[in-house]
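Working notes, structure below.
The values are calculated or read from the model by the stated rules, or taken from the named source; none is laboratory data. In this text the structure is predicted, and so the values were computed from the model without any measurement. Here the Cβ positions follow ideal geometry from the backbone for every residue, glycine too, while neighbour counts run over all protein chains shown. Protein only, heavy atoms only, side chains kept; ligands, DNA and RNA dropped before computing areas. Shrake-Rupley method; radii C 1.70, N 1.55, O 1.52, S 1.80 Å.
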Amino acid sequence: MNPKQLPFYLGSLLLLATALLGSTTPAQADTPLPVRELNSTEVAALGGLPFLAPSSHPFSMAAAAQARAHNKPTPTLAVQRVAGGTASVYRGAPNSSVPLAPPMPPSNALLDFITTGDLAQTWATMTSAGFPYLVATGYGDFMADATASWTTRVTVPAGAAGREVVVRFTVPPVSVQGATEDEGRARWRARLRAEMMVNGFPAWAAEALRFTTDPNKIGSGHEVVVLQEFGSPLGFPSNDEDLPLASGGLNNDTSAQTINSPTPKKTVHLTLGRFNAGTVIDLAMVLRATATSVPASNGGTDHRCKWSNVEDRYFCSRGTVSVNGGSGEAPRIYLLP
């Protein structure tokens, strides 16, 4: 070895040893992150405490919707941003004239797949009070994506240095579902993701994905529909990734009775830590619903609706995501002692 390379070589060994053994500085060991959900006792202690007036941190709302379906004109992405008001958009493939949410879309606003075939529809709304309404649904070969969000900026006031900042927000009832049609089988997916962003970084998240693992097994009665959850659980009545059964298989309890059942409303109290007076905190709540189908192999067409000349109609599989903001709660920000 060249003697001039020895310091570099020894330094590299030291860095490698530090990475393998970990830092030896006690102050950096097991340091908890400040952002966490409050427990039930802490939430109960919030009762009756004042929270910041919304006028001290005005809200901006946004909504976006897009839709695509086989052999249908693809509409442009719809986006609306509103300061202090309701943002609401819709997109459909094929296009249709329907009322915006809220309330949730009525049945007569839904396109009929029997005569239309492949289709997609998306509604996205964030009300001025911070209540989200999302619907992303489709049949056959489709993609539907709906996003709703609110943002606000909080400045820690003078005299409040070291106060604990707590934000309360609600995820309304969520449904991720679908149906496999025996005569129009497709690999459908239904996904909902909710994120609380603090200064542009995700501080809290919940995600649910339901999908069919192999639609071709529906004919034998052995189709498996799975629900996967990530992050904070939303409380679905079926949980297909709970503890394994004694036989070693997953406890897959999604059924015709549970697949369409929504979650209960989930209210979260998130502590962000303590801040100095004058600190600016940007907060954003983002909910995104995505429903889609995919072919068995790239470029395939097996997920498209199937036309029956005998019955003079289409047969299609479906994926649907919904968030019903009818029982929502307005977001709140607390400054605790």
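Structure notes:
- Each residue of the stretch 72-86 was assigned a 3J(HN,Hα) from its phi angle through the Karplus expression (A = 6.51, B = -1.76, C = 1.60, θ = phi - 60°), giving 10, x, 8, x, 6, 4, 9, 9, 9, 10, 9, 8, x, x, 8 Hz with x at Gly and Pro.
- Exposure rank, largest accessible area first [270, 49; 1.4 Å]: 49, 270
- For the stretch 46-203, the solvent-accessible area with a 1.4 angstrom probe is 40 square angstrom per residue.
- Sorted largest first, extent of the stretch 94-189 alpha carbons per principal axis (Å): 67, 28, 18
- Net charge over other residues, Cβ less than 10 angstrom from the Cβ of residue 68 (K, R count +1; D, E count -1): -1
- For the pair residue 128 and residue 98, the difference between a 0.36 nm per residue extended length and the Cα-Cα distance amounts to 8.7 nm.
- Going by accessible surface with a 1.4 Å probe and the largest first, 142, 201 read 201, 142.
- Sorted peptide list for 76-85, 147-156, 100-109, criterion being average Cβ within 10 angstrom, highest first: 147-156, 100-109, 76-85
- The packing ranking, built from the mean of other Cβ atoms within 10 Å per residue, places the peptides 294-304, 57-67 in the order 57-67, 294-304, highest first.
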